[in-house]
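Q: My questions all concern the structure below.
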Amino acid sequence: MLARFADKSADAAFLDADKTSYPIYLEHSLRIVRPGGLILVDNAFAFGQLLDAAPRDREVPAVRAFNDLMAKCERVESVIVPIGDGLWVGVVR
């Protein structure tokens, strides 16, 4: 569905789906959201298990990998806001 959106056609994107695909959704969002727009990503704290040595949720490794990717992404200025389960809030450059 995301491939159907025109480039720079949205003011914001909110990601809250399967965590393994977050990098794919981010790439689409970076194309779709215009500069100055927001990219919001839920579950940055991995269901409260982000720092657990043996997390119970199978998606925790995907969240950890995405957090690393998002932190290094130069196309968005972002920070994790500590509300709920952690929310990435990013502004597209």
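Q: Where the centroid of each part is defined by its Cα atoms, how far is the range 23-66 from the range 77-93 in Å?
A: 10
Q: Now for a separate question. Rounded to the nearest 10 Å², what accessible area does D11 have for a 1.4 Å probe in the complete protein model?
A: Looks like 100 Å² after rounding.
Q: Still on this structure, I have one more. Rounded to the nearest 20 debye, what is the charge dipole size of the range 5-93 about its Cα centre when +1 sits on each Lys and Arg Cβ and -1 on each Asp and Glu Cβ? Each step should come with its number before you reach the end.
A: Working: 10 positive and 13 negative charges, 47 e Å.
Roughly 220 debye for the range 5-93.
Q: Also, I was wondering about something else. Taking the 0 to 90 degree range and rounding to the nearest ten, how far is the long axis of helix 22-32 tilted relative to the main principal axis of the chain, both from C-alpha atoms?
A: The angle comes out at about 20 degrees.
Q: Let me ask something else about it. If eta is 0.692 mPa s and T is 37 °C, what Stokes-Einstein diffusion coefficient results for the chain, Kirkwood Rh from Cα pairs, in µm²/s? Don't skip to the answer; put the middle values down first.
A: Numbers: Rh = 13.4 Å.
My calculation gives 246 µm²/s for D.
Q: Suppose accessible area is computed on protein heavy atoms with a 1.4 Å probe; arrange R64, R4 from highest to lowest. Write out the running numbers ahead of the final one.
A: Values: R64 80, R4 195 Å².
Ranked list, largest accessible area first: R4, R64.
Q: Just want the answer: with Cβ charges of +1 for Lys and Arg and -1 for Asp and Glu, which residue in A62, I80, P35 is farthest toward the dipole's positive end in the chain?
A: Positive-most Cα among the choices belongs to P35.
The values are calculated or read from the model by the stated rules, or taken from the named source; none is laboratory data. Computed from a predicted model, the values in this text were never measured in an experiment. Note that each Cβ is placed from the backbone with ideal geometry, even for glycine, and that neighbours are counted across all protein chains shown. Heavy atoms of the whole protein, side chains included, go into the accessibility calculation; ligands, DNA and RNA do not. Shrake-Rupley method; radii C 1.70, N 1.55, O 1.52, S 1.80 Å.
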